[in-house]
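A short reminder: the numbers here are calculations on the coordinates, not readings from a lab. Bear in mind that the values here come from a model prediction, so they are computed numbers and not experimental data. Here the Cβ positions follow ideal geometry from the backbone for every residue, glycine too, while neighbour counts run over all protein chains shown.
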Amino acid sequence: MKAEEKRSTAYQKMVKNYLKYNQCPVSATISVIGGKWKPIVLYLIHSDVHRFGEMLRMLEGISKKMLTGTLRELEKDGLIHRKVFAVVPPKVEYTMTAKGNTLCPLIIQMREWGLKNVLIASNLA
């Protein structure tokens with residue numbers, strides 16, 4: 001039996017995707033949702049935190065400029081929608097788009113993993 005035939009199905013799929021798209025699908029995903037703040041902002045919006053001020057208060061250590069840039073990138077990538085209300089004072093809300101909602105299972109899995117393997121585990125140590 002040749003070495004290639006012994007490889008797992010997962011390995012064969014990975015190689016096929018590399019050859020077909022000339023890029024790793026995981027790297028492609030990380031290029032869109034990676035970074036320090038994007039996953040957390042997506043988690044907040046998914047969890048019904050829709051206003052800029054709310055996010056700013058909840059994200060310890062982020063600047064207004066960084067949050068603004070992060071929201072703009074997520075909007076540009078089609079993951080969130082920015083709705084401006086014509087009221088005084090100005091009101092803006094962010095929601096997940098259909099494309100953004102496809103990331104919800106991943107965001108929930110990251111939340112569960114963090115709870116189980118980091119937060120709860122650190123309290124037991």
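A few notes on this one:
- Ranked list, fewest to most other Cβ atoms within 10 Å of each Cβ, for W37, W113: W113, W37
- Within a Gaussian network of the chain (alpha carbon springs, distance under 10 Å), most fluctuating of Q12, Q109, Q23: Q12
- When the chain is treated as a Gaussian network with alpha carbon springs shorter than 10 Å, the biggest mean-square fluctuation among P105, P90, P39 belongs to P90.
- Here the chain is treated with +1 on each Lys and Arg Cβ and -1 on each Asp and Glu Cβ, and its dipole about the Cα centre works out to around 280 debye.
- When the Cα positions of S8, G78, S63 are compared along the charge dipole of the chain, S8 comes out farthest toward the positive end, with charges on each C-beta of Lys, Arg, Asp and Glu.
- Cα-based helix-to-principal-axis angle, 64-76 vs the chain, degrees rounded to 10: 60 degrees
- R82, R57 arranged by Cβ crowding within 10 Å, fewest neighbours leading: R57, R82
- The slack between M66 and D48, meaning 0.36 nm per residue of separation minus the straight C-alpha distance, is 4.4 nm.
- Here each label is just a point 7 Å from Cα along the line to Cβ, and for R57 and Y18 those points are 4.8 nm apart.
- For region 39-95 versus region 97-125, the gap between their alpha-carbon centres in whole angstrom: 20 Å
- Each helix, a run of at least 4 DSSP H residues, gives -39500 (n - 2.57); summed and divided by the residues of the chain, these come to -16500 deg cm²/dmol at 222 nm.
- Relative contact order %, region 36-124, counting alpha carbon pairs below 8 Å whose residues are six or more apart: 28 percent
- Taking other C-beta atoms within 10 Å as the exposure proxy, E73, E60 rank E60, E73 from fewest upward.
- Length gained when the stretch W113-T9 is fully extended (0.36 nm per residue, less Cα-Cα span): 34.9 nm
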